[in-house]
Amino acid sequence: MSIDQAEQLRIDAMAADFAGSGPARKPLSGKCRVMAVSSGKGGVGKTSLTLNLGLALIRLGYKVVIIDADLGLANIDVMINATPRYNLADVISGEKKVSDILLRGPLDLKIVPGGSGVFELANLDRNKRQGLIDQLADLESEGDFILIDTAAGLSRNVISFVGAADDLILVTTPEPTALTDAYGMLKVLVEKKLKFNSHVIVNSTRDMQQGGKTFDGLNRVVCKYLPGMKLNFLGDVRYDPAVSSAVHSFSPFVISRPRSPASLSVSRIAWRLAARDSKAEVKKQGVAGFFERLKKMVCD
């Protein structure tokens, strides 16, 4: 049997499982898990991956909230053809509550349009900051997972979001420039003593082997030069024309093309995240903990 045939059998088995024939998945009680999805450079498919990963987690039985934190270039709403009337800036001003600004996406995915609102925290007095954080803590009941879609690069904003989250999901591609910038982000995090356990997803791979080899190469360099950093390989997402088609049709590919290679890759990654979440060693600080840490970083 060829590698392609073997892989197709695995894809068909996963398609059946994720279509509903597998065991039921139940959300866990307790604090939600806040994960920052970031990349060293733009153009690696980070936002599309965040959206589809959130939907794949919902299909496993979890509630998911995405906070769009790509300040100035926020576009999660564009991918689902939604137009937010309000964002976090309206919550900060006191004109709206968090529940008022939530966008409802496919499968009851919830999206918080961030705009520049989050970093207006730096200009609030202590009482207003605490009031906002208390209100944002209501998101705890809205999601088992909260995914923060950050901007690409190494700006202070991005590093603050990543440092405040429970976990980092670092998205890269096999391209040398993407890997170089991914390593640059990890180096900054180690230097600032912000993250020592990070997850990696390799996007737009040709096959299973390319994803593993790409991660192994990055991990070797990290082990040699950043010994304090530990990387976990969540998996790869196969190059798939369905991804581009989904963007143009405003329909996430895990919904419009659930059996496509990219959809099954993302579903596999969601499964792994859910499995790790069920382990006792996963520490979750929840929404209040995330915003408390973010407040300290942006207000220093």
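Readers should treat all values here as calculations from the given coordinates under stated rules, not as data from a laboratory. Please read all numbers here as calculations on a predicted model, not as lab measurements. Counting neighbours? That spans all protein chains shown, and the Cβs are built from the backbone with ideal geometry, glycine included.
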Of all residues making up region 56-109, the number that are free of Cβ contacts under 8 Å to residues at least 60 places away in the same chain, assigned to a helix (DSSP H, G or I), under 30 Å from residue 268 (Cβ atoms) and not aliphatic (A, V, I, L, M): 2
One residue from 150, 205 being more than 26 Å from residue 31 (Cβ to Cβ) and among the hydroxyl-bearing types (Ser, Thr, Tyr): 205
Number of the exception - residue 170 against (1) out of contact with any Gly (no Cβ under 7 Å at 6 or more places or on another chain); (2) over 27 Å from residue 60 (Cα atoms): (2)
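Residue by residue, here is whether (1) buried (at least 23 other Cβ atoms within 10 Å of the Cβ); (2) part of a loop (DSSP other than H, G, I, E, B); (3) among the hydrophobic types (A, V, I, L, M, F, W, C); (4) over 18 Å from the mean Cα position of the chain (by Cα) holds:
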residue: 137; (1), (2), (3), (4): no, no, yes, yes
residue: 140; (1), (2), (3), (4): no, no, no, no
residue: 147; (1), (2), (3), (4): yes, no, yes, no
residue: 153; (1), (2), (3), (4): no, yes, no, no
residue: 159; (1), (2), (3), (4): no, no, yes, no
residue: 163; (1), (2), (3), (4): no, no, no, no
residue: 171; (1), (2), (3), (4): yes, no, yes, no
residue: 174; (1), (2), (3), (4): no, yes, no, yes
residue: 185; (1), (2), (3), (4): yes, no, yes, no
Those residues of region 232-276 which are within 25 Å of residue 186 (Cβ to Cβ) and either surrounded by fewer than 17 Cβ atoms within 10 Å (Cβ to Cβ) or free of Cβ contacts under 8 Å to residues at least 24 places away in the same chain (or both), in sequence order: 232, 272, 275, 276
